[in-house]
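One structure coming up, written as structure tokens, with questions to follow.
The values are calculated or read from the model by the stated rules, or taken from the named source; none is laboratory data. Remember, it's a predicted structure, so these values are computed and weren't measured experimentally. Cβ sites come from the backbone with ideal geometry, for glycine too, and all protein chains shown count toward neighbours. Note: accessible area is taken over every heavy atom of the protein model, side chains too, but ligands, DNA and RNA are not part of it. Shrake-Rupley method; radii C 1.70, N 1.55, O 1.52, S 1.80 Å.
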Amino acid sequence: MPEDDIRNVRLGLTVSPFGGETPASIVSRLSARNGVPPRDLCSDMGMRWPLLCSGYPDQLALLADVGGLDLQHLELWSAQQVRAGHYRVGRTRSSTGVFRRTSSRVCPACIEEALGDGGRSAAYQMLEWNVLCLSGCERHKTALLDLPRAATSHETYDVVAQVDLHRDLVKQAADRQQTCEATEFEAYVRRRIYRGPQADWLGGLELTHLHGACMTLGAAICGAPLQHFSTFGQDQERQFCVEGLRVLSAGPDSLWRCMEELKARSRSRRPYFSTDLGAFYTWLRAARGRPELQDLLGCVHAFAVRNYTMKPNKRVLGRPVPDVRRMSFDTARRQSGLGGALLKRLIGHVDGLSEAQSGALTETTPEQLSRAIDFWSGLRNLKSTAAALNVLPTQVKGLIDKGILRSIRFGTALRYVYAEDVGRLLADVTALPEMPGAGAYLPLRGHCRNHRIGLVRLITLWQEGKVDGLSRGADLTGLQAILVPQDVDIEARDIPLAHRDLTVLEAASYLKIGVGAIRALRDAGYLGHATCLNADTNHRHTLITRSSIRDFETRFLTLGQLASASMVAPIHLARRLDREGVPTVRCGSRHVRAYERSQVAACGETMRRSRHG
């Protein structure tokens, strides 16, 4: 029959399409009413059944003429293929992720109602029923039923035959009346199918991406573990979609706040974006190539770069990181060459954090690292300070104790000196007038040795302005370049009994007795001792207690103290005391030249009588 004649042919028995009914369903009903299979009906009327099911425009136009149908209705609900795996679903779009054009999915309540009203040929297929993220019928609030797959896809399109073949399954499902209330997400999807995308942030997403974004973000919000994500049932997935849509539909600011909450909820010592965002990040990374997801990708990428540690040259969601805003301490350690623990203490000091706060740090920023490195570059350890000043490390400690040099500790026994104080001290030395020859001057070390004065004390007096006339030699460096006039006389100072316990060496100097004698008196119990931790070395050492020294002085006098008071050489005084029979202090097998005050007083009176006759 010529094509023009075919276009003028009208079927005697027609049907009225439902809103949202697919063209294949309409042809299936027309065929049932006219008593022929769909393929034969299409052949008789000049149409091709496979092409009609695929929504070819010319086939839809023929169907509109033959059945007296609205062509726009047929085109709208034909699920025409846009490109491979992507279809137009009503007024929106979807891929095969959540849309199955060849599935037989029906509402049992709608089918039973239609069969009761119009008989076998009244069974129909709505396009929305093939959208897998819709679980129920909006009209009857009943769960949709998936009919068993047919042998071929074209048999699946014949909905009347499929319902007739599985009549018992449809009847049982209708009798069960499994309730399935539409969720906010499902209502949102239906509005897109029937009215088109809403004017919101998600308007550019197709249904598959909309479903994936909402479900995975909702899973992350609900705390669903990624490794068990596939085991969740339909009810949980529907709840995930609702939670995800609530966040995403409000715009990028809402998503940003949600990601901040997910990061704050992390129990990890060092949070990471792929772990905190869970299934949402995994899905987004897999779908990052889609152009319609670029706004969503941009928001997540910006959040990850701003709030998480990044390694240099790292890519996030396929995009490069323009500038690292947060880094782990491992990366900071590699960049700075400093240990992670030291970096935390430096940052804590520079930023004014407490010890607990600095110890709890798990990441840092380039700005923090830069401030910490700048501060560290202004510090010197004791060894380098001693080398710069040309003195001993112990003398550096003395200068620190006197306040000439400032120092700082970072939770350990090590002390670091401020480089600016060292520079200032060396600048003061450089400012001294240079003397071409020694002449009436002595080098600093020689003057201290000849006058039995400590270098630290002399430098302290010079810095306090109590010593004048110093000069500088050209052939020495550091503090040793200082030249001291020979006529400068600074008396050697006795070590006073300070308001603290004394070391063995300090106690020997104070009591004017040997170090071995101090140890003997300590071991014999005449002097008490206490164990103390050296803050610079973390080694434990013994101190002679202040109270025991006072008790010892109340009862005894040492040979050195007697000789100093009598202005007699100790050796001569010792021989005289031996001749007078004044007993020494016995400490085990050793005798220490310390004498009881009562014995010394009686001996002194005898010596005075013999001297005056």
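Any idea which of (1) over 60 Å from the mean Cα position of the chain (by Cα); (2) touching a residue at least 12 places away in the same chain (Cβ under 8 Å) is the one Asp578 doesn't satisfy?
Condition not satisfied by Asp578: (2).
Every residue, every condition in (1) part of a helix (DSSP H, G or I); (2) in contact (Cβ under 8 Å) with a residue 60 or more places away in the chain, yes or no:
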{"position": "Trp129", "(1), (2)": "yes, no"}
{"position": "Thr156", "(1), (2)": "yes, no"}
{"position": "Lys171", "(1), (2)": "yes, yes"}
{"position": "Glu181", "(1), (2)": "no, no"}
{"position": "Glu186", "(1), (2)": "yes, no"}
{"position": "Arg192", "(1), (2)": "yes, yes"}
{"position": "Pro197", "(1), (2)": "no, yes"}
{"position": "Gly204", "(1), (2)": "no, yes"}
{"position": "Gly212", "(1), (2)": "yes, yes"}
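Looking only at segment 420-432, which residues are open to solvent by less than 30 Å² (accessible area, probe 1.4 Å) and under 38 Å from the mean Cα position of the chain (by Cα)?
Within segment 420-432, Asp421, Val422 meet the criteria.
Still on this model: Quick one: is Val300 of a type outside the set (Asp, Glu), open to solvent by less than 20 Å² (accessible area, probe 1.4 Å) and modelled with pLDDT of 90 or more?
Yes: the conditions hold for Val300.
Another question, if that's okay. Looking at (1) closer than 17 Å to Val396 by Cα; (2) hydrophobic (A, V, I, L, M, F, W, C); (3) modelled with pLDDT of 90 or more, find the lone condition where Ile453 falls short.
It fails just one condition, (3).
Residues being under 16 Å from Val422 (Cβ atoms) and not hydroxyl-bearing (Ser, Thr, Tyr): count how many of those fall in segment 361-397.
19
Also, quick follow-up: Take the residues in segment 449-480 that are among the charged types (D, E, K, R) and in a loop (DSSP other than H, G, I, E, B); name whichever of them is nearest to Pro433 (Cα to Cα).
For segment 449-480, the residue satisfying everything is Asp468.
Identify, from the list Gln236, Gln294, the residue that is in contact with a helix residue (DSSP H, G or I) (Cβ under 9 Å, 6 or more places away or on another chain) and either open to solvent by 20 Å² or more (accessible area, probe 1.4 Å) or among the hydroxyl-bearing types (Ser, Thr, Tyr) (or both).
Gln236
Within segment 517-593, which strands (runs of 3 or more DSSP E) (wholly inside it) include 1 or more residues that are loosely packed, with under 12 Cβ neighbours inside 10 Å, touching a strand residue (DSSP E or B) at 6+ places or on another chain (Cβ under 7 Å) and not aliphatic (A, V, I, L, M)?
529-533, 540-544
Determine, yes or no, whether Leu382 is of a type in the set (A, V, I, L, M), surrounded by 13 or more Cβ atoms within 10 Å (Cβ to Cβ), within 25 Å of Thr309 (Cα to Cα) and within 36 Å of the chain's Cα centre (by Cα).
no
Considering each residue of segment 363-386, count those that are out of contact with any strand residue (DSSP E or B) (no Cβ under 9 Å at 6 or more places or on another chain) and over 27 Å from Ser328 (Cα atoms), and give that number.
Selection size over segment 363-386: 2.
Residue check: is Gly212 under 22 Å from Leu293 (Cα atoms) and surrounded by fewer than 20 Cβ atoms within 10 Å (Cβ to Cβ)?
Here the answer is no, as Gly212 does not meet what is asked.
Please specify each residue of segment 142-154 satisfying the condition of being part of a strand (DSSP E or B) and either acidic (Asp, Glu) or in contact with a Phe, Trp or Tyr (Cβ under 8 Å, 6 or more places away or on another chain) (or both).
Listed by number, the list holds a single entry, Asp146.
Still on this structure: Under 8 Å between Cβ atoms, which residue pairs at least 6 apart in sequence (or on different chains) link something in segment 439-457 that is free of Cβ contacts under 8 Å to residues at least 40 places away in the same chain with a partner that is β-branched (Val, Ile, Thr) and open to solvent by 50 Å² or more (accessible area, probe 1.4 Å)?
Cβ pairs passing all conditions: none.
May I pose another question? Please work out which one of (1) buried (at least 21 other Cβ atoms within 10 Å of the Cβ); (2) over 20 Å from the mean Cα position of the chain (by Cα) is the condition Leu277 fails and give its number.
It is condition (2) that Leu277 fails.
Could you check segment 241-279 and list, in sequence order, the residues that are of a type in the set (Lys, Arg), free of Cβ contacts under 8 Å to residues at least 12 places away in the same chain and not in a loop (DSSP other than H, G, I, E, B)?
The one that is of a type in the set (Lys, Arg), free of Cβ contacts under 8 Å to residues at least 12 places away in the same chain and not in a loop (DSSP other than H, G, I, E, B): Arg257.
Search segment 389-415 for residues being in contact with a Lys or Arg (Cβ under 9 Å, 6 or more places away or on another chain) and open to solvent by 30 Å² or more (accessible area, probe 1.4 Å), and hand back the single one that is farthest from Gly473 (Cα to Cα).
Gly411
So, one more: For the structure I just gave you, tell me whether Val350 is within 21 Å of Arg285 (Cβ to Cβ) and of a type in the set (Val, Ile, Thr).
It is false that Val350 is within 21 Å of Arg285 (Cβ to Cβ) and of a type in the set (Val, Ile, Thr).
Can you tell me which residue is farthest from Leu527 (Cα to Cα) among those in segment 583-613 that are at pLDDT below 90 and of a type in the set (A, V, I, L, M)?
Looking at residues that are at pLDDT below 90 and of a type in the set (A, V, I, L, M), I get Met607.
Within segment 261-274, is even one residue buried (at least 17 other Cβ atoms within 10 Å of the Cβ) and in contact with a strand residue (DSSP E or B) (Cβ under 8 Å, 6 or more places away or on another chain)?
The answer is yes; a qualifying residue exists.
Given the residues Leu169, Leu245, Leu202, which is the only one that is of a type outside the set (D, E, K, R), open to solvent by 30 Å² or more (accessible area, probe 1.4 Å) and within 24 Å of Glu138 (Cβ to Cβ)?
Leu169
When you check Arg120 against the structure, is it touching a helix residue (DSSP H, G or I) at 6+ places or on another chain (Cβ under 7 Å), open to solvent by 40 Å² or more (accessible area, probe 1.4 Å) and of a type outside the set (A, V, I, L, M), yes or no?
yes
The rows are residues; the columns are (1) crowded, with 17+ Cβ neighbours inside 10 Å; (2) of a type in the set (Ser, Thr, Tyr); (3) modelled with pLDDT of 85 or more.
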{"residue": "Thr331", "(1), (2), (3)": "yes, yes, no"}
{"residue": "Leu346", "(1), (2), (3)": "yes, no, yes"}
{"residue": "Gly352", "(1), (2), (3)": "no, no, yes"}
{"residue": "Ala356", "(1), (2), (3)": "no, no, yes"}
{"residue": "Glu363", "(1), (2), (3)": "yes, no, no"}
